[in-house]
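What follows is a set of notes on a single structure, which appears directly below.
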Amino acid sequence: MKTLSIIVPCYNEEETVPLFYPAVEKIMNTIEGLEPEYWFVNDGSADKTLLKLRELHEQDPDHVHYISFSRNFGKESALYAGLQAATGDYVVVMDADLQDPPEFLPQMFQLLETGEYDCIGTRRVDRTGEAKFKSFLSDMFYKVVNKISSTQIVPGARDYRMMTRQMIDAVLSLKEYNRFSKGIFSWVGFRTKYLDYHNVERVAGETDWTTWKLFKYAMDGIADFSEAPLNMAVWLGTTSSIVALIGLIVVIIRKIVHPTSSILGWASLVCIILLLGGIQLLCLGVVGKYIGRIYAQVKERPIYIVQEKK
Ligand code: UDP
Ligand code: MG
């Protein structure tokens, strides 16, 4: 008998949790030789999510556990808490809104049991029901990050994945404060197989991810897994220095050849000053972004704070 730890981050999911549990149980009951261990993580919900989790725990105290944070720490922190608490031989990460179809669980388990893979991931092959602009930004993100980072992120890959104990231990050995799971799962390596599926919409409730939040998340992901923005500062500086040097040489030669000629160009001068000032501020901002991440890391604040755990 093997154990599967099911990790479910929940933020304002009072409507979806009572639908999620029976849907997953129905599938789990069909898998022989696999016992579930649920770890719901209440990420500082403002609604009655915690009450629903307590109810589930009372129904089945041996299999259903929950961790409740003292405030909202974000999905990444919730995932980390769940992974730390999980004791199973295999671990699966699922959203509470049933956007990660539980029907994949038997197939994932079978594939891991063959010993050929360490991780079975899922990826969406379409994004029906999602705003066009959001999809466009996501596509751009995958293109950019895969170009500038040595850690490759599979386009459309979800956090929904089943992993072996060995891989989970590797993921947990990364102690970084800013956790970008998509990058971390890829960074640790191991043999991963992706199952494709069509986008499923939330069963109930609403997504908390606005386009702006996703954009910031993407920027953080790039800063966590690439030093390309820092190199960009070096290149911008080098290029503008070379251009300035050429300009200087041209001015000197002109002065020698036509000593009386004067060069006009107040407007162009202002533009050049503004451009260079802008580039300098941009580069400063990029460096600042990395310093901020170093600051967050050296403070060694906990990634989450638990208020209640059962
Ligand atoms: N979530 C969380 N903390 C947050 C935001 C979201 O734990 O601060 C959980 C949420 O309850 C859900 C999962 O993360 O189980 C994915 O969130 P959502 O469905 O809103 O995002 P999407 O599916 O649109 O990516
Ligand atoms: Mg969702």
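Remarks
- Every residue from segment 124-144 that is at pLDDT 85 or above and either among the aliphatic types (A, V, I, L, M) or within 14 Å of the chain's Cα centre (by Cα) (or both): MET140, PHE141, TYR142, VAL144
- Members of segment 163-207 found to be more than 25 Å from PHE104 (Cα to Cα) and within 13 Å of ligand 2 (Cβ to nearest atom), listed by number: none
- Boolean, MET167 is surrounded by 16 or more Cβ atoms within 10 Å (Cβ to Cβ) and either hydroxyl-bearing (Ser, Thr, Tyr) or more than 16 Å from ligand 1 (Cβ to nearest atom) (or both): yes
- Inside segment 260-286, residues that are surrounded by 13 or more Cβ atoms within 10 Å (Cβ to Cβ) and either of a type in the set (Val, Ile, Thr) or within 30 Å of HIS57 (Cβ to Cβ) (or both) make up a count of 3.
- Filtering segment 172-194 to residues that are surrounded by 15 or more Cβ atoms within 10 Å (Cβ to Cβ) and among the small types (Gly, Ala, Ser) leaves SER181, GLY183, SER186.
Table: residues versus (1) more than 9 Å from ligand 1 (Cβ to nearest atom); (2) in contact (Cβ under 8 Å) with a residue 60 or more places away in the chain; (3) not acidic (Asp, Glu).
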site	(1), (2), (3)
GLU13	no, yes, no
ILE27	yes, yes, yes
GLU32	yes, no, no
ALA46	yes, no, yes
THR49	no, no, yes
LYS52	yes, no, yes
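- Contacts under 8 angstrom Cβ, first residue in segment 208-220 being within 13 Å of ligand 2 (Cβ to nearest atom), partner of a type in the set (Lys, Arg), 6 or more apart: LEU214/LYS134
- Taken over segment 1-28, the criterion of being within 16 Å of MET108 (Cβ to Cβ) and either in a loop (DSSP other than H, G, I, E, B) or within 14 Å of ligand 2 (Cβ to nearest atom) (or both) is satisfied by VAL8 alone.
- Looking only at segment 199-225, residues that are of a type in the set (A, V, I, L, M, F, W, C) and not in a helix (DSSP H, G or I) come to 4 in all.
Table: residues versus (1) buried (at least 19 other Cβ atoms within 10 Å of the Cβ); (2) free of Cβ contacts under 8 Å to residues at least 24 places away in the same chain.
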| residue | (1), (2) |
| --- | --- |
| GLU76 | yes, no |
| GLY82 | yes, no |
| TYR90 | yes, no |
| LEU105 | yes, no |
| ILE120 | yes, no |
| ARG123 | no, no |
| PHE136 | no, yes |
| ASP139 | no, yes |
| ASN146 | no, yes |
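- Test: residue in segment 246-267 that is in a helix (DSSP H, G or I), of a type in the set (S, T, N, Q) and more than 30 Å from GLU37 (Cβ to Cβ): no
- Qualifying residue in segment 137-150 (condition: farther than 30 Å from ASN231 by Cα and not in a helix (DSSP H, G or I)): no
- Matching residues in segment 189-223 - criterion: being acidic (Asp, Glu) and within 11 Å of ligand 1 (Cβ to nearest atom): GLU201, GLU206, ASP208
The values are calculated or read from the model by the stated rules, or taken from the named source; none is laboratory data. Not measured: the values here are computed from a predicted model. Cβ atoms come from the backbone with ideal geometry, glycine included; neighbour counts cover every protein chain shown.
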